[in-house]
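Comments concern the structure below.
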Amino acid sequence: MNASTRSKVIAILQEGVTNELGAVIQYLWHHYQAEGIYSPKIKDTFEEFSVEEMEHLEKISERIVALGGEPASKLPPVKKGGDIKQMMQDDLDLELGAAKMYAEHIPQLAKLGDTTSRLMLEKILADEEKHIMEFEIMLSKIRKK
Ligand SMILES: [Fe+2]
Ligand SMILES: [Fe+2]
């Protein structure tokens, strides 16, 4: 990979790092805020998703380091607060944004010829699709109440 391609790949991956940083913190906050108010299942789901986002953050960051870059560390705006429906809706919006972003990054990386980064983002996108489905199911259960 030449230097120009490498810097383009790193710039793409940095967007993922920033999104994941926001997701880790947002879900962790929702985990704290759900403490004692909502069912342990909901509280645990926020924590479980936060950990999964941290794994994404780690994978993308490690790839950036392997390419000679320095992973971004600035936190994007994080949505905390509101009732459970608000939190879930904010989280679903975050997931939809992440999925849209990765769906754009994957063909960009393919075009740049970076199969390793592309495959990594494909796996991460599959996780985000799972998160979207789970948030949608949880939201539909709350709406029925
Ligand atoms: Fe993620
Ligand atoms: Fe996610």
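No value in this document is a laboratory result; all are computed from the given coordinates. All figures in this text were calculated on a predicted structure; none of them were measured in a lab. Glycine gets a Cβ as well: all are built from the backbone with ideal geometry, and neighbour counts include every protein chain shown.
List the lysines whose alpha-carbon lies under 16 Å from that of K141, not counting same-chain residues fewer than 8 positions away?
Within the straight-line cut-off, K141 pairs with K41, K43, K85.
Toward the positive end of the charge dipole of the chain, about the Cα centre and with charges on Cβ (Lys, Arg +1; Asp, Glu -1), which of S7, P71, A98 goes farthest?
Result: A98.
Tell me, in nm to one decimal, what length is gained between M133 and D44 on full extension, where the rule is 0.36 nm per residue of separation less the Cα-Cα distance? It would help to have the intermediate numbers written out before the result.
Details: separation 89, 0.36 × 89 = 32.04 nm, distance 1.67 nm.
Gain on stretching M133 to D44: 30.4 nm.
Against the longest alpha carbon principal axis of the chain, how many degrees, from 0 to 90 and to the nearest 10, is the axis of helix 84-112 turned?
Long axis of 84-112 versus the principal axis of the chain: about 10 degrees.
Relative contact order for the chain: what percent, with Cα pairs under 8 Å and sequence separation of 6 or more? Don't skip to the end; give the middle numbers.
Details: 140 pairs, mean separation 40.0, N = 145.
Value for the chain: 28 percent.
Charges at C-beta only: +1 for Lys and Arg, -1 for Asp and Glu. How large is the resulting dipole of segment 3-144 about its Cα centre, in Debye rounded to 20?
Numbers: 18 positive and 25 negative charges, 64 e Å.
Approximately 300 debye in magnitude.
In units of 2.2 N^0.38 Å, what is the alpha-carbon radius of gyration of segment 13-123? Before the final figure, lay out each step's value.
Working: Rg = 15.1 Å, N = 111, 2.2 N^0.38 = 13.2 Å.
Taking N as the residue count of segment 13-123, the ratio is 1.15.
K85 to A3: FRET efficiency via 1/(1 + (r/R0)^6), r the Cβ-Cβ distance, R0 35 Å, to the nearest 0.05?
Values: r = 48 Å, r/R0 = 1.38.
The formula returns an efficiency of 0.15 here.
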